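Reading through the structure tokens given below for one structure.
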Amino acid sequence: MIWLFKDDWEAACQRLEAWWEGELIDRCVVLVTAPRDEAARRKKPKPHGDIREWWLDVEYRINEAEAEFRSTFYGGEAFPIFFPNLGPGIAAAYMGVQPVFAEETVWFDQAPIIDNWEDRQPITLDENNQWWQVTKELTQGSLARSENRWITAITDLGGGLDLVASLRGIKSLLMDLIDHPDAVKQLSEEIQHVWFRCFDELNRMIHQSMVATSSWMPIWCKGTWYPLQCDCSAMISPGMFEEFVLPGLQEQCRQLDYSIYHWDGPGQIPHLDLLLSIPELTGIQWTPGDGNPRVDSPKWYPLYKRIQDAGKNLVLLDTPPRGIERLLKELSPKGLLIQTHVDSEEEARSLLKEVGRSFRD
């Protein structure tokens, strides 16, 4: 059990199980983290070697995560989660794209591996691919060390058309949507097959050790779930979204127990009705994007209400603590999940009391 880093995990699990089903126990779901009291803190291990070695050193990555767990207070429905991060959309590397390691993230080589459609080879998963092997080593290493003290997440595999863009190049892809639509659809189907092979294997590994999983979106789930996305859809019309993106999303939603769409930035707002039309989609997570008002801004309230009125869960990550009170007044607690970070355990516990009180008053 996760008793070492979280003593109220049973209540948190119950509240999240209800949330996934669109039900409400006593309040909305709140994930709040804070630094633990000074006496409980642990120093993080120091990085060694170059940046690439840091990313690929399984023992160091897990030691670093455990140090973070020990120094963090997990309040409400927040859990300690090891995320085997190798960069957003790492599945592109499983299919031949070369990763470029930076201190805070991983980029992918901009040189496309599909230069033309006429003589390309079918896309498959190479089981011996280095990055696929590292992903499994990170996942298995976390499972072996955790002893159910923390959750092991599934890595960020990426979205379907985003992966097409990684393999083909975004500029070429945007032209291909007009000039070679059938070729794009065929490649998308091949990538979807690889995506599910990777997801299913990682999911099996995790569920052999624990009855829970998560992702880069730090939400505990007893069943099978994943964040779905298509960041490059900000560059296409709703008509193209319906033709090239929606079918893949529908298939993913049908095969997963639960799914949350990562709705990223104002460029994706025109696609909301299409997203809400997917019966199996559990919910939507809104990211305003750089330079825009944060998730607590009243500017986004009409969008939130459209999502809730459609019966979908609403996920708001990185919410400023000062904006939570107004969100609670404006939105339904049913299906609402708010994630935030505060400066101390005392502040986190006080926030949770205030949230609970708001639903009793």
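Every read-out reported here was derived from the displayed coordinates using simple, explicitly stated rules and does not represent laboratory data. Please read these numbers as outputs of a predicted model, since none were measured by experiment. Because the Cβ atoms are built from the backbone with ideal geometry, glycine has one as well, and the counts that use them run over all protein chains shown.
Going through (1) 24.3, 75; (2) 19.8, 60; (3) 20.5, 66, the figure that equals Rg and Dmax of the Cα atoms in Å as computed for the structure here is (3).
Close amide H pairs (under 5 Å, H built 1.01 Å from N) link Thr72 with Arg36, residues at least 5 positions away or on another chain. If you take all other residues with their beta carbon under 12 Å from the beta carbon of Thr139, and give Lys and Arg +1 and Asp and Glu -1, the sum is +2.
At 222 nm, what helix-only mean residue ellipticity would the chain give, in deg cm²/dmol to the nearest 500, using -39500 (n - 2.57) for each DSSP H run of four or more?
Result for the chain: -12500 deg cm²/dmol, rounded to the nearest 500.
Taken over the range 125-280, the convex hull of the Cα atoms encloses 110 Å³ per residue. The largest-to-smallest principal axis extents of the Cα set in the range 22-161 are 60, 45, 25 Å.
Would you mind classifying the range 272-361 by shape? Square roots of the alpha carbon gyration tensor eigenvalues, ordered a ≥ b ≥ c; an a/c under 1.5 is rounded, otherwise it is prolate if a/b is larger than b/c and oblate if not.
prolate
Taking every DSSP beta bridge with both residues inside the chain, roughly what % is antiparallel (nearest 5)? Given both bridge residues lie in the chain, the antiparallel proportion sits at roughly 30 percent. Treating r as the C-beta distance of Asp26 and Asp126 and R0 as 35 Å, the FRET efficiency rounds to 0.10. Among Leu163, Leu274, Leu351, the residue with the largest mean-square fluctuation in a Gaussian network model of the chain, with springs joining Cα atoms closer than 10 Å, is Leu274.
According to the square roots a ≥ b ≥ c of the eigenvalues of the Cα gyration tensor, what is the shape class of the range 203-339, taking rounded for a/c under 1.5, prolate for a/b larger than b/c otherwise, and oblate for the remainder?
Values: a/c = 1.75, a/b = 1.13, b/c = 1.55.
Cα axes put the range 203-339 in the oblate bin.
Counting pairs of alpha carbon atoms under 8 Å apart in space and at least six apart in sequence, what relative contact order in percent does the chain give? Relative contact order, the chain: 21 percent. Apply the a/c threshold of 1.5 to the C-alpha gyration tensor of the range 53-96 and tell me whether it is rounded, prolate or oblate. The shape class here is oblate.
The residue list Val30, Ser350, Val194 was ranked by how far each Cα lies along the charge dipole of the chain toward its positive end, using unit charges on Cβ atoms, and Ser350 comes out on top.
For the peptides 324-337, 120-133, 172-185, 88-101, residues were scored by their other Cβ atoms within 10 Å and the scores averaged per peptide; the highest-first order is 88-101, 324-337, 172-185, 120-133.
Using Cα pairs closer than 8 Å and at least 6 residues apart in sequence, work out the relative contact order for the range 209-273, in percent. Write out the running numbers ahead of the final one.
Values: 63 pairs, mean separation 24.3, N = 65.
It rounds to 37 percent for the range 209-273.
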